[in-house]
Amino acid sequence: MSDGRSVEELVVGVLGGTGPQGRGLAVRLAAAGQRVLLGSRDAERAGEVAAQVAERATAAAGGCEVSVTGGSNVDVAGAADLVVVAVPYAGHAATLAELATPLAGKVVVDCVVPMAFDELGAYVLDVPEGSVAQQAAALLPDSHVVGAFHHLSARLLEDLSRPTLDGDVMVVGDVREATDTVQALAGRLPGMRGIYAGRLRNARQVEALTINLVSVNRRYKAHAGIRVTDV
């Protein structure tokens, strides 16, 4: 999956990288020295956002050179070593259905949350496959799908005035090498750890916990995350 390379050497693609979550992950990873490819349905828009992300990541890295480029989702899927899926849930299935071939053999990290809002607040949507990550696995049978990065606040990710984040990334998946890689990638974010949280079938509750955090944030005007104790 990584050909024996360390996580620092991997090129990370972010599908849906022009949205808040994808953009936030991209800028933090780039500032940490990761080479990042930012994908979108609109390649021109991806290029514009990638330039902005590169400028901000360079400043956060103290002027050190960073690598962020933009392109179409399909081009990024083909060029990256590891891909993070950060598209809206409404377009999740349609996006991945077209990318099975370029994503074959790769670690695919899904951070999409099936969430909607009504007059009572946020609530979780039912996913026929059980979870969004399991939907990804069904659509990408030749990829190694891992669920992670659900509980990170997009606003905090993009707020580079906070050099260190505070929280853990719960990682679920069925292939040990793939979950190990994603845990190591999470650990590249200052202040964060990647914590193994079970098989991919456990993705449903990990995704749904985001809705509880949204409720916490609304009540307390915060940007809550998760910290796992005694590990």
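The values are calculated or read from the model by the stated rules, or taken from the named source; none is laboratory data. From a predicted model like this one, the values you see are computed outputs, not experimental measurements. With ideal geometry, Cβ positions are generated from the backbone for all residues, glycine too; neighbour counts draw on all protein chains shown. Calculation scope for accessible area: heavy atoms of the full protein, side chains included, ligands and nucleic acids excluded. Shrake-Rupley method; radii C 1.70, N 1.55, O 1.52, S 1.80 Å.
Values computed for the structure shown
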| item | result |
| --- | --- |
| Filtered GluC sites (Glu not before Pro), the range 53-105: DSSP coil and at most 10 other beta carbons within 10 Å | Glu65 |
| With eigenvalues of the C-alpha gyration tensor scaled by 5 and rooted, the range 10-55, Å | 15, 10, 9 |
| Cβ-based net charge around Thr229, under 12 Å, with every Lys or Arg adding one and every Asp or Glu removing one | 0 |
| Net charge of neighbours whose Cβ lies under 15 Å from the Cβ of Pro128, counting Lys and Arg as +1 and Asp and Glu as -1 | -1 |
| Relative contact order of the chain, pairs being alpha-carbon contacts under 8 Å that are 6 or more residues apart, as % | 18 percent |
| Sequence-separation-based contact order of the range 41-170, relative, with Cα cut under 8 Å and 6+ spacing, percent | 20 percent |
| Vicinal HN-Hα couplings computed from phi for the range 137-152 (Karplus, 6.51 cos²θ - 1.76 cosθ + 1.60; Hz; Gly/Pro x) | 4, 5, 7, 10, x, 9, 9, 10, 7, 10, x, 6, 6, 5, 9, 8 |
| Carbon + sulfur, % of accessible area of the range 64-108 - ligands and nucleic acids excluded, 1.4 Å | 57 percent |
| Overall dimensions of the range 7-220 as given by Cα atoms, namely Rg and Dmax in Å | 15.9, 46 |
| Amide H within-cut-off set for Tyr196, under 5 Å, with H built and near neighbours excluded | Val171 |
| Probe 1.4 Å, accessible area per residue of the chain, Å² | 46 Å² |
| GluC sites (Glu not before Pro) lying in DSSP loop within the range 125-231, provided at most 12 other Cβ fall within 10 Å | none |
| The range 195-231 versus the range 36-80: alpha-carbon centroid distance in Å | 28 Å |
| Other-chain or far-sequence residues with amide H under 5 Å of Asp174's (modelled H) | Leu200 |
